[in-house]
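In what follows, a structure is listed as structure tokens, so that the remarks can point back to it.
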Amino acid sequence: MMPAVQSDDMPLENGHQEEAENDLWAPVADAKLVKSPTKKKKKKKRGPIINTTNCKYDVVRECADSLGWEEDPDVDGHSGNFNVQWFDTSVLLARVAKLKNFQRINHFPSMHVICRKNHLCNTLGKMKKVFPKYYCFFPKTWTLKAQMNDFRKYLNTSAAHGKTFIFKPNAGCQGKGIVITRTPMEIAEEADETVVQEYISNPLLISGKKFDMRVYVLVTSVRHLSVHIFNEGLVRLCTEDYVKPSGSNMDEQCVHLTNYSVNKLSDKFFVTDEETGGGTGR
């Protein structure tokens, strides 16, 4: 026979019933309070700190803010808490040498070597001597302060006969001080702080007009050259149709110079509707 099994529905004897109920509520002597593990609050990750004391352009601050960067409260930047320091102008080597490993600045020292026309001329000339196959993309160029004798010698050759020349101030911008001429020595004697080039008389044209292209790049390192090219660029157009330089048109800047500062003053300059024209001006 199967042994009898006490069912939950069957009543217990009086003594056992009371004992069982007491067992249900009896405290456990050896029990210990165990705290449930608490999750540590994650610290909010701080963004880079940028110092813009020497920057007058609000667009830099707006871009930094959109990226979650923090503005350095130290207006002078002497505390050295910043990760990035932004300058509108060139910086001295001494300032760059003081940077710590976690700090960056938006300029390389000695940028004048490629930003000033006379230094750029010398740099390109040196590179052309070493790599003539690759550095043949610019016209003949002279810095008058250092190469006046070479320029005179060239003018006495048959290769210079009938050529047009363009003079540009070393530190000029916005088309200021540019002169186009076929009698260069009349200007060269009094223009030692100037670069002179053979004028390209058969340039590429868009709709019959001269143009130039601005390609924007970010150079993050020159020791291990790293260059990032931006997807969008800028095209600047003359407002007048191009004609080869002659005695009657060499003073017409809107024919020969693509500078925005020059062409925006032309009666033919206009601003297009971005929604329909897809551009900003011409």
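Computed from the C-beta positions of Phe211 and Ser79, the FRET efficiency with R₀ = 41 Å rounds to 0.30. For the set Lys100/Lys176; Lys133/Lys163; Lys133/Lys153; Lys168/Lys209; Lys98/Lys128, the pairs lying more than 30 angstrom apart at their alpha carbons are Lys100/Lys176; Lys98/Lys128. Within a Cβ distance under 11 Å of Ala191, other residues only, what is the Lys/Arg minus Asp/Glu net charge? Residues close to Ala191 contribute a combined charge of -3.
Here Phe138 and Leu99 are evaluated by their C-beta separation; at R0 = 35 Å the FRET efficiency comes out at 0.55.
Shown in residue order for the range 190-206 are the 3J(HN,Hα) couplings computed by the Karplus curve 6.51 cos²θ - 1.76 cosθ + 1.60 at θ = phi - 60°: 10, 10, 6, 8, 9, 9, 10, 9, 5, 7, 7, 8, 10, x, 5, 10, 10 Hz (x for Gly and Pro).
Rounded to the nearest whole Hz, the Karplus-based 3J(HN,Hα) values (6.51 cos²θ - 1.76 cosθ + 1.60, θ = phi - 60°) of the range 101-109 follow the sequence 4, 8, 10, 9, 10, 8, 9, 8, x, with x at glycine and proline.
Annotation: extensible slack from Ile114 through Lys56 equals 18.5 nm (criterion: 0.36 nm per residue apart, minus Cα-Cα distance).
Read-outs: derived from the displayed coordinates by stated rules, not from any lab. Just so we're clear, the structure is a prediction, and the values are computed from it rather than from any experiment. So basically every Cβ, Gly included, is an ideal-geometry build from the backbone, and we count neighbours across all protein chains shown.
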